[in-house]
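Chemist: Please find one structure pasted underneath; my questions will follow.
The values are calculated or read from the model by the stated rules, or taken from the named source; none is laboratory data. It should be emphasised that the depicted structure is a prediction, and the values quoted were computed from it without experimental measurement. Every residue, glycine as well, gets a Cβ built from its backbone with ideal geometry; the counts of neighbours run over all protein chains shown. Heavy atoms of the whole protein, side chains included, go into the accessibility calculation; ligands, DNA and RNA do not. Shrake-Rupley method; radii C 1.70, N 1.55, O 1.52, S 1.80 Å.
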Amino acid sequence: MIRLYHVCKKYDSSGVVLNDISLSIKQGEWIVLRGREKAGKTTLFKLLYGMEEPSSGEMIVCGQNICRIKKEKLYFYRRQLGIIPQDGYLLNDRDLYSNIDLVLRFYGFSSKVRKARVYEVLSIVGLEKKIDIISAKLSDFEKRKLIIARAVVNNPRIILADSPDAGLNLSEQEEIYQIFKRLKTPDMAILFSTKEEKCLLQGLREVELADGMIRETKFV
Amino acid sequence: MNIFYFIYEAILGILKRPLIFILNLFIFIIPIYFTGTSFFLYREGRVILSREKEKWGNFLVEVDSGADIRFLKEQVKSLKEIKGLKDTADTGSGKIVFQADLNIDLNDALKIEETKRMITDLKGVKFVKYQGEEIEYMENRNLLFAGICLFLGIISSIFVVKYIRSALKKESELNKERINILELAGATPFFIYSIFMAKGLLAGAASILLTLLFLRISLENIFISSHLQFFIYPSTLFIVAAGSLFLINIDYYMTIKKEIKI
């Protein structure tokens, strides 16, 4: 589902951030991308969702070479992804329903379908009782969960989660992992990055990224 | 329907910052006001720019051959806008005509059409023609003012176009959360920016309505008055616009400061 071939990303200001990354993620696979601060995780995610272009290499995602994807096709490509950015935004003056409903608007679903789907994803992340609350009133952890719910509301084929467990305590991290387990469908691929030295997720392929390069790939 | 959603979101955005919306209106009004004024000045050649005690001219009233002319004349004479009637010589065309002199100050130019309509509506009246005693040099001055207004209209349009560009940039920055969320979710630029477009259209429509109102007041009360008053309204608008720009900037930086980023 995701195939990266010798992907490099170089910035004029900060030099090489990703160096010769080759990685393959199959349909239904869940991969943990582990790396410290500035290891290149966020850059890799930005390349995957087409926010930035690689300096060299090829990236095939869902059968499309996203290095050569036209801008007008990029929007439709992103609809197959559930993007959870590290610095995700919320509409702080709107309730939870509006925050999620916003991204369902352009799919042309009826209001009944949208309502049902919003309620469904909020139930998965455990925020269904706060559906009418203004998002500014949520705790940081709840905001994180809301961003996850919003990212998966369109039933994506791939989830790209950039450090969703960053800055959380152990029980909160565990809850985040459980949410992802509940969200995961057999066909869905997940790329889950973490800064944690010891990730609580077990039985998954773990790729370690350091200084822009893949250091190690192992099953944990 | 997304169109209702866009309008709803645009209204919500306006309600969130109503003052800025009102101030924006004034900025949009300026070029429409000036170009509108120049258009009306050019079109309404009769409008006199100085306050004078002279009266307007007269109407030539053509009457149906079967009409009771005496009764009709009495009816016309009873109008307070008419000071007297004069019989005119029949030119041999068989038409029955008389002249009705107007009792309307030069300040009340708009009453001419009103009076003309009232006479036309009388039973037995076939045709009414206004024979104004227009003053040529006044018309020339009208054209000069129309030219000045057009020039100001063009200058202020350039200013407003520049302003709209910077306002759009600021609007995008103030809505960066929404834009970011929608971009990542795969929304097309059309969907993302339609809300701003709806907001702009609402502001545009409101400005046009307000400008028409201003123009109406201006035509009735200002342009037919003294030269000094003529410049008071545009100058006031300019001051309001400058103040608006200042306030918009203040509002923008205050909002940026208050932003909560998670």
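Chemist: Using 0.36 nm times the number of residues separating A:SER123 and A:CYS67, minus their current alpha carbon distance, what extension gain do you get?
Modeler: Value of the extension gain: 16.5 nm.
Chemist: Just the number, please: percent antiparallel of the DSSP beta bridges in chain A, rounded to the nearest 5.
Modeler: 55 percent
Chemist: Now for a separate question. Kindly flag which residue pairs out of B:LYS73/B:LYS116; A:LYS115/B:LYS16; B:LYS83/B:LYS123; B:LYS16/B:LYS170 have an alpha-carbon separation exceeding 18 Å in this structure.
Modeler: Beyond 18 Å: A:LYS115/B:LYS16; B:LYS83/B:LYS123.
Chemist: Continuing with the same structure: If you average 1/r over all unlike Cα pairs in chain A and invert the result, what Kirkwood radius do you get in angstrom?
Modeler: 17.9 Å
Chemist: For peptide B:183-196, compute the average count of partner chain beta-carbon atoms within 10 Å of each residue's beta-carbon.
Modeler: 6
Chemist: How large is log10 I(q)/I(0) at q = 0.17, 0.26 Å⁻¹ when the Debye formula is applied to the Cα atoms of region A:71-162, each weighted equally and without solvent?
Modeler: -0.69, -1.48
Chemist: Follow-up question, since we're still on this one. Summing Lys, Arg as +1 and Asp, Glu as -1, what charge do residues with Cβ under 10 Å from the Cβ of A:ASP95 carry, A:ASP95 excluded?
Modeler: 0
Chemist: Rounded to the nearest 20 debye, what is the charge dipole size of region A:1-89 about its Cα centre when +1 sits on each Lys and Arg Cβ and -1 on each Asp and Glu Cβ?
Modeler: Approximately 160 debye in magnitude.
Chemist: Using 32 Å as the Cα-Cα cut-off, could you pick out the over-long pairs in A:LYS143/A:LYS198; A:LYS41/A:LYS129; A:LYS46/A:LYS218; A:LYS137/B:LYS176?
Modeler: As for pairs spanning more than 32 Å Cα to Cα, those are A:LYS41/A:LYS129.
Chemist: Same structure again: Averaged across the residues of A:103-115, what count of C-beta atoms belonging to other chains lies within 10 Å of each residue's C-beta?
Modeler: Shielding by partners across A:103-115 averages 2.
Chemist: Taking only Cα atoms, what is the 0 to 90° angle, nearest 10, from helix A:170-183's long axis to the longest principal axis of chain A?
Modeler: 90 degrees
Chemist: Under unit Cβ charges (Lys, Arg +1; Asp, Glu -1), what dipole magnitude, rounded to 20 debye, does chain A have relative to its Cα centre?
Modeler: Dipole of chain A, to the nearest 20 debye: 740 debye.
Chemist: What is the mean number of Cβ atoms from other protein chains located within 10 Å of the Cβ atom of each residue in peptide A:81-88, rounded to a whole number?
Modeler: 3
Chemist: Starting from the Cα of A:MET213, step 7 Å along the direction of its Cβ; do the same at B:LEU201; then give the gap between the two resulting points in nm.
Modeler: About 5.6 nm, to one decimal.
Chemist: Right, here's the next one. Could you check the spin-label model distance between B:ASP121 and A:GLN86? Points 7 Å from the Cα along Cα→Cβ, value in nm.
Modeler: About 7.7 nm separates the two model spin labels.
Chemist: Another one. Would you mind checking which residues have amide H under 5 Å from B:ASN103's amide H? H placed 1.01 Å from N; only 5 or more apart, or other chain.
Modeler: Result for B:ASN103 returns B:ILE82, B:LYS83.
Chemist: Still on this structure: May I ask for the equivalent-ellipsoid semi-axes of region A:97-220, computed as the square root of five times each C-alpha gyration tensor eigenvalue and listed largest first in whole Å?
Modeler: 29, 17, 12
Chemist: Show B:MET197, A:MET213 ordered by accessible area, largest first, where the area counts protein heavy atoms only and the probe is 1.4 Å.
Modeler: Result, largest first: B:MET197, A:MET213.
Chemist: Mind checking the full-extension length gain between B:LYS16 and B:THR188? Use 0.36 nm per residue of separation minus the Cα-Cα distance, one decimal, nm.
Modeler: 59.4 nm
Chemist: So, one more: List the pair-distance distribution P(r) of region A:45-121, using every Cα-Cα distance, as the percent of pairs falling in each 5 Å bin from 0 up to the bin containing the longest distance, rounded to whole percents.
Modeler: Going out from 0 Å in 5 Å bins, region A:45-121 shows 3, 12, 20, 18, 18, 14, 9, 4, 1, 0 percent.
Chemist: With a Förster radius of 56 Å, plug the Cβ-Cβ distance of A:SER139 and B:LEU110 into 1/(1 + (r/R0)^6) and report the FRET value to the nearest 0.05.
Modeler: The pair A:SER139/B:LEU110 has a calculated efficiency of 0.30.
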